[in-house]
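Note sheet for the following structure.
Quick note: the coordinates plus some simple rules give every number you see, no bench work behind them. Values in this document were obtained by computation on a predicted structure and should not be read as measured data. Virtual Cβ from ideal backbone geometry, glycine too; neighbours counted across all protein chains shown.
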Amino acid sequence: MKIRLRTRRDVTLFALAISLLAVLGSLALRGLLQPADVYARTLVSGSAVAAMLAAPIAYYIGLQMLDTQRLTQALEHAVNHDSLTGASTRASFEAQVAQLPSGPKAIMVVDIDHFKTVNDRFGHQAGDSALCQFALRLKRNCREDDIIARFGGEEFVVLLHNVSLADAQAAAERLCAKLREAPIILNGQAHRLTASFGVAPLVNARELDDALAQADAALYRAKSAGRDRVFTSDTKAPPFSEAS
């Protein structure tokens, strides 16, 4: 059995439980070793001594377990989440997708338009702020059980649960519009930031790489068509134009 202590209240309850076990153990042991009259006379005092000895030790051990649990959680979060934006890492994203039950899903690849100009014009610190604000808006406008990951640079990937490709496209269109309409704040000033979207269906978690490739291809076509728009894996390619 694995005991997890998450709060000081849990530590107190742990210490009380251990103290109770210590008292019961003391009573059982003395009942075996002591004559009945001695056992009766020392029932209260012996129990009190056992509790007084066990309680502080158990509480200290509980505090150490609490610290260990918090450190473990912090390390797990650091491993599974991008340190800048808090989105899932690619490895964590792939692990979560592999554990999902069957059902219709969609992959949404999102890339901030002209992000290099943000860094060039405002500096990398402002660029980091823009990424954080962008990731927060993705999270606020996606459902709680959708999985949001940063795959690197200004590219994010979202897995949508229980949706058809048409539903995923509609969700991406709404998100694209929200990002377009709500400016981000850089150096105390509002600036417009848009993104391009590529969307593809995911029928089976084992086909994630193929779905990502399809969504990436759709994203490239969206950028070629002028950016700030949504293309799906079955959207026809527009006339050629330079994309970046």
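With θ set to phi - 60°, apply the Karplus curve 6.51 cos²θ - 1.76 cosθ + 1.60 along the range 103-119 and write out the HN-Hα couplings as whole Hz, x wherever there is a Gly or Pro.
Computed from phi, the couplings for the range 103-119 are x, x, 9, 9, 10, 10, 9, 10, 10, 5, 6, 6, 5, 4, 5, 5, 5 Hz.
With charges set only on the Cβ (+1 for Lys and Arg, -1 for Asp and Glu), what does the dipole of the range 90-232 come to about its Cα centre, in debye to the nearest 20?
It comes to approximately 400 debye.
So between M65 and H114, what do we pick up on full extension, going 0.36 nm a residue minus the alpha carbon distance?
12.8 nm
Which number comes out as Rg/Rh for the chain once both Rg and the Kirkwood Rh are worked out on C-alpha atoms?
Across the chain, the Cα-based Rg/Rh ratio is 1.29.
Going by average Cβ neighbours within 10 Å, how do the peptides 105-112, 145-152 rank, with the highest at the top?
Highest mean packing first, the order is 105-112, 145-152.
Angle check, please: helix 208-224 long axis (alpha carbons) against the longest principal axis of the chain (alpha carbons), in degrees 0 to 90, nearest 10.
The answer is roughly 40 degrees.
With each run of n ≥ 4 DSSP H residues scored as -39500 (n - 2.57), what mean residue ellipticity at 222 nm is computed for the chain after dividing by its residue count and rounding to the nearest 500 deg cm²/dmol?
Using -39500 (n - 2.57) per qualifying helix, the result is -19000 deg cm²/dmol.
Can you tell me the order of 179-192, 220-233, 16-29 when each peptide is scored by its average per-residue count of other Cβ atoms within 10 angstrom, highest first?
220-233, 16-29, 179-192
Take the alpha carbon gyration tensor of the range 1-123, find the square roots of its eigenvalues, order them as a ≥ b ≥ c, and report rounded if a/c is under 1.5; if not, report prolate when a/b exceeds b/c, else oblate.
prolate
Mind listing the Cα extents of the range 90-232 along all three principal axes, in Å, largest one first?
For the range 90-232, the Cα extents along the three principal axes come out at 45, 30, 22 Å.
Report, to the nearest 10°, how far helix 124-141 tilts away from the longest principal axis of the Cα atoms in the chain, using its own Cα long axis and a range of 0 to 90°.
80 degrees
Using only Cα atoms, what is the ratio of the radius of gyration of the range 8-79 to 2.2 N^0.38 Å?
Dividing the Cα radius of gyration by 2.2 N^0.38 Å gives 1.54.
About its Cα centre, how strong a charge dipole does the chain have in debye, to the nearest 20, once Lys and Arg get +1 and Asp and Glu get -1 at the Cβ?
Dipole size: approximately 740 debye.
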